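Written out below as structure tokens is the structure these notes cover.
No value in this document is a laboratory result; all are computed from the given coordinates. Owing to the predicted nature of the structure, the values given are computational and were not obtained by experimental measurement. Don't worry about glycine lacking a Cβ; one is built from the backbone with ideal geometry, like all the others, and counts go over all protein chains shown.
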Amino acid sequence: MQQKMILSGNEGVARGAWEAGVGLGIGYPGTPSTEIVETLAKLEGPLVAWAVNEKVALEQAYGACVTGMRGLVTMKHVGLNVAADPLFTIAYMGVNGGLVIAVADDPSMHSSQNEQDNRWYALHAKVPMLEPVSSQECRDYTRLAFELSERHDVPFLLRLVTRVSHSRGLVEIDTAAGYRRTSRRYERNVPKFVVLPAHARARRLVLEKNLANLLSDPEARGVNKMEITSSEVGIITSGASYNYVKEAFGHRYSVLKMGLVYPLDGEIIREFAGRVQRVFVVEELDPYLETHVRALGVTCEGKKYISPFFELNPQAVATSLVSAGLEPLERPDPAAVEPVAGIPARPPILCAGCPHRAFFYLARREKVMVVGDIGCYTLGAMPPLDGIDVSACMGGGFSIALGISTNLPEGEKVFGVLGDSTFYHSGITGAVDAVFNRRPIVPVVLDNRSTAMTGHQENPGTGRTLDGEPTVMQDPERIFRAVGFDRVLVAGAYDLEGIRNAIREAKAARDRVAIIVKAPCRLLKDARRGPAREIVTHDCTKCKNCLRLGCPALSLKEGGYVAIDTHACAGCGLCEQVCRHRAVRVKEKGGTA
């Protein structure tokens, strides 16, 4: 029985995996991929979990698939960098149960530190990749990927982008079958599953044969579709770019939509090129398709007109190809691609009452060098806090600090800062290295008991699994002591004096010292809020020192006085502590914030 539902692309992936009888769904949260696991967890049947990082997630799913269970792994694009080590090897090993790795790229870096194009990973690792254009295709391609994975003994990549992951559309689903876990028999096979060099050399040849067989599979080739409506111009495209092309040009020009973007079907590309006079390639980010089309001996144009940077949209595609002589359905409005005038800038900033704020406020005043990491606390780099000097990637808060420490003036230290989820993801190894190599760094964990930036997912420090079941609650303090730190200084996130003393003590210490700053994220539903504060104007000297906290509940009013929005105030009390003139007090009327 068929039924239609409105689903996002991520929900479509989860639904497709469920209908395919996936046994294990696992990943690490990261926008724009997070909702796949969260949606799958709401569907009865599969085992669903958050892993400590993407490498562990992929390895767990691969272990499940070895036993015959189908496994779905999810991550954002930079997460595939973390999982790359097993990815390249399991391509040689092949699968037993189907294995699908859903990876969401983030063109324009809406919430990411780069906009890498993960189609190159498919080519480099020799892992087939499907790229859906809609929520319907997210569901359909996920189901197909599991089937093709088992049929051709290969893992499959499913490439999403932000617009496909988060856009919603009608999806036709199968409601008759329900959930039935798909499983295959496990048979011990050392030459296949143990990658000694001799085994790997043999499996390398098997992989090439599997990929060749895949390209002759009618179902695999069937996702590449030609829409011949013109003999003048043909456009080769894939993924979200297909939607932009159709919105810009409709049926005015012929289109070849590539659903299987690795390995590429050279036969259909040559056939399509032979039916049109000019060929254009429209794709986001790198000239991946264009490079391969040219390698087939097909003359085409692409990045000559289409920007290799940032996210595309219908206006950008239409405007770019107008200069090549193509006529869009409507002349693009130049204003459509420009920011609307008069809207005030809204830079990203830590929330009112954020437990990360005090550390960065004091780190800047104590003149310590801080290496940050990826999470809410990265916003500590924004003015007026200006509390981070370097930040690159997950776990780098400690590891980059290790390198900086090798070239510091005598007696100086660098502080490396991670959140609790990142500490478990990839920070512990940096802490071990600091002790092992005797590096003068101060590792700091800002422990808000949540993976907050991606939506408050559970992590090993929350004491709960994804489904809410109680589990061992990990503690950064115990871990620091276990790996060799002599002392661990623990301060409350809203205790300015305690944090200041910890920073000073760690700077001066000759032994190995770590710092933990603790308080739950203020956006957690059970987080306690303190009493709202207000400014007593006749005591305010207009020094504006409280504004240096960068709290969005504070603003400057006419006359130079600071005001507190009591509706936004979380009652953390930091502004009261930094005011030297005692002009900030607990609001006497109106209750708590």
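Taking all pairs of different Cα atoms in the range 533-586, averaging 1/r and flipping that mean, what Kirkwood radius in angstroms comes out?
On the way: mean 1/r = 0.0922 Å⁻¹.
The answer is 10.8 Å.
May I ask what percent, to the nearest 5, of DSSP beta bridges between residues of the range 440-593 are antiparallel?
Taking every DSSP beta bridge within the range 440-593, about 45 percent pair in antiparallel fashion.
Which one of PRO440, VAL279, GLY297 has its Cα pushed farthest toward the positive end of the charge dipole of the chain, where Lys and Arg give +1 and Asp and Glu give -1 at the Cβ?
Of the options given, the answer is PRO440.
Kindly provide the pair-distance distribution of the range 432-528 built from C-alpha pairs, with 10 Å bins from 0 and whole-percent values in order of increasing distance.
Taking every Cα pair in the range 432-528, the percentages come to 15, 40, 32, 12, 1.
Please report the relative contact order for the range 2-221, taking Cα pairs under 8 Å with a sequence separation of at least 6, and give it as a percent rounded to a whole number. All intermediate terms of the calculation are to be shown ahead of the outcome.
Details: 492 pairs, mean separation 62.3, N = 220.
Relative contact order of the range 2-221: 28 percent.
Of VAL56, VAL171, LEU80, whose Cα points farthest to the positive end of the dipole of the range 2-221 (charges on the beta-carbon: +1 Lys, Arg; -1 Asp, Glu; origin at the Cα centre)?
Toward the positive end, the furthest listed residue is VAL56.
Determine which residues of the range 84-100 fall in the zone a paramagnetic label at ASN189 would reach in this model, i.e. backbone nitrogen under 11 Å from the point 7 Å along Cα→Cβ.
Backbone N within reach: 93-97.
Using the Kirkwood radius over C-alpha pairs as Rh, can you work out the diffusion coefficient of the range 357-518 via Stokes-Einstein at 25 °C, viscosity 0.890 mPa s, in µm² per second?
Reported coefficient: 158 µm²/s.
If you place +1 on the Cβ of every Lys and Arg and -1 on the Cβ of every Asp and Glu, how big does the dipole about the Cα centre of the range 533-586 come out, in debye to the nearest 20?
200
Mind pulling up the Rg/Rh value for the range 212-339? Radius of gyration and Kirkwood radius, both on Cα.
Rg/Rh for the range 212-339 comes to 0.97.
What is the local net charge at GLY27, summed over the other residues whose Cβ is closer than 12 Å to its Cβ (Lys, Arg +1; Asp, Glu -1)?
Computed value for this residue: -1.
Over all pairs of distinct alpha carbons, what does the Kirkwood formula give as the hydrodynamic radius of the range 295-409, in Å?
18.7
With r as the distance between the Cβ atoms of GLU301 and GLU232 and R0 = 22 Å, compute the FRET efficiency 1/(1 + (r/R0)^6) and round to 0.05. Before the final figure, lay out each step's value.
On the way: r = 14 Å, r/R0 = 0.63.
Approximately 0.95, to the nearest 0.05.
So, counting K/R as plus one and D/E as minus one, what does the shell of residues with Cβ under 10 Å around TYR179 add up to? Before the final figure, lay out each step's value.
Details: positive: ARG180, ARG181; negative: GLU19, GLU44.
Around TYR179, the surrounding residues sum to 0.
Quick check for me: using +1 on Lys/Arg Cβ and -1 on Asp/Glu Cβ, what's the dipole size of the chain about its Cα centre, in debye to the nearest 20? Provide the component values of the computation, followed by the final result.
Numbers: 69 positive and 66 negative charges, 274 e Å.
My answer is approximately 1320 debye.
Once you mark the GluC sites (Glu not before Pro) that are in a DSSP loop and have at most 16 other Cβ atoms within 10 Å, what is the longest gap between them in the chain?
On the way: sites that count: GLU44, GLU187, GLU232, GLU330, GLU366, GLU410, GLU412, GLU558, GLU588.
Longest stretch, sites excluded: 413-557.
Tabulate in residue order the Karplus-calculated ³J(HN,Hα) for the range 266-281, using 6.51 cos²θ - 1.76 cosθ + 1.60 with θ = phi - 60°, rounded to whole Hz; enter x for Gly and Pro.
x, 5, 6, 5, 5, 4, 4, 4, x, 9, 9, 8, 10, 10, 10, 10
Sort MET109, MET258 so that the residue with the fewest other Cβ atoms within 10 Å of its own Cβ comes first and the one with the most comes last.
MET109, MET258
With only Lys, Arg, Asp and Glu charged, each at its Cβ (+1 for the first two, -1 for the last two), find how big the charge dipole of the range 4-115 is about the Cα centre; round to the nearest 20 debye.
With Lys and Arg at +1 and Asp and Glu at -1, about 240 debye.
When DSSP assigns beta bridges and you keep just the ones with both residues in the range 225-333, what percent turn out antiparallel, to the nearest 5?
25
Just grab the label-to-label distance for ASN407 and ALA345, each label 7 Å out from Cα along the Cβ direction, in nm (one decimal).
3.1
What relative contact order, as a whole-number percentage, does the range 225-333 give when Cα pairs under 8 Å and 6 or more residues apart are counted? Let's see the in-between values first.
Values: 181 pairs, mean separation 32.5, N = 109.
Relative contact order for the range 225-333 comes out at 30 percent.
Based solely on C-alpha atoms, express the radius of gyration and the Dmax of the range 193-249 in angstrom.
18.8, 53
How much space per residue, in cubic angstrom, does the convex hull of the C-alpha atoms of the chain take up?
With only Cα atoms used, the chain gives 190 Å³ per residue.
Taking neighbour counts of Cβ atoms within 10 Å as a proxy for exposure, in what order, fewest first, do ARG533, ARG528, ARG151 appear?
Neighbour counts put them in this order, fewest first: ARG528, ARG151, ARG533.
If you build the convex hull over the alpha carbons only and average its shadow over all orientations, what do you get for the range 2-221? Give it in nm² to one decimal.
Values: hull surface 45.1 nm².
So the Cα hull casts an average projection of 11.3 nm².
Apply the Karplus curve 6.51 cos²θ - 1.76 cosθ + 1.60, θ = phi - 60°, to the phi angles in the range 109-119 and return the couplings in whole Hz, x for Gly and Pro.
Values, residue by residue: 6, 4, 8, 9, 8, 7, 10, 4, 9, 7, 5 Hz.
Tell me what the chain gives for mean residue ellipticity at 222 nm when only DSSP H runs of n ≥ 4 count, each as -39,500 (n - 2.57), the sum divided by the residue total, rounded to 500 deg cm²/dmol.
So the calculated ellipticity at 222 nm is -9500 deg cm²/dmol.
Calculate how steeply helix 240-249 sits against the longest principal axis of the alpha-carbon atoms of the chain, using the helix alpha-carbon long axis, and give the answer as 0 to 90 degrees to the nearest 10.
Rounded to the nearest ten degrees, it is 70.
Going by C-beta contacts inside 10 Å, put HIS166, HIS581 in order with the fewest on the left. Kindly include the intermediate steps, with their values, before the conclusion.
Values: HIS166 16, HIS581 12.
The most exposed by this proxy come first: HIS581, HIS166.
What net charge is computed for the residues neighbouring HIS292, neighbours being all others with C-beta under 14 Å from the C-beta of HIS292, Lys and Arg scored +1, Asp and Glu -1?
Summing Lys/Arg as +1 and Asp/Glu as -1 gives -3.
Can you list the lysines whose alpha carbon sits under 21 Å from that of LYS246, skipping same-chain ones fewer than 8 residues off?
LYS225, LYS257, LYS303, LYS304
Using DSSP loop states and a limit of at most 16 other Cβ atoms within 10 Å to flag chymotrypsin sites (Phe, Trp or Tyr not before Pro), what is the longest stretch of the chain containing no flagged site?
311-560
Which percent of the Cα-Cα distances in the range 485-526 go past 16 Å?
Cα-Cα pairs in the range 485-526 separated by more than 16 Å: 42 percent.
If you take every DSSP beta bridge whose two residues both sit in the chain, what share of them, in percent to the nearest 5, is antiparallel?
On the way: 21 of 73 bridges.
Roughly 30 percent of the DSSP beta bridges within the chain come out antiparallel.
Treating the angle as unsigned and between 0 and 90°, give the value, to the nearest 10°, between the Cα long axis of helix 135-152 and the longest Cα principal axis of the chain.
Between helix and principal axis, roughly 70 degrees.
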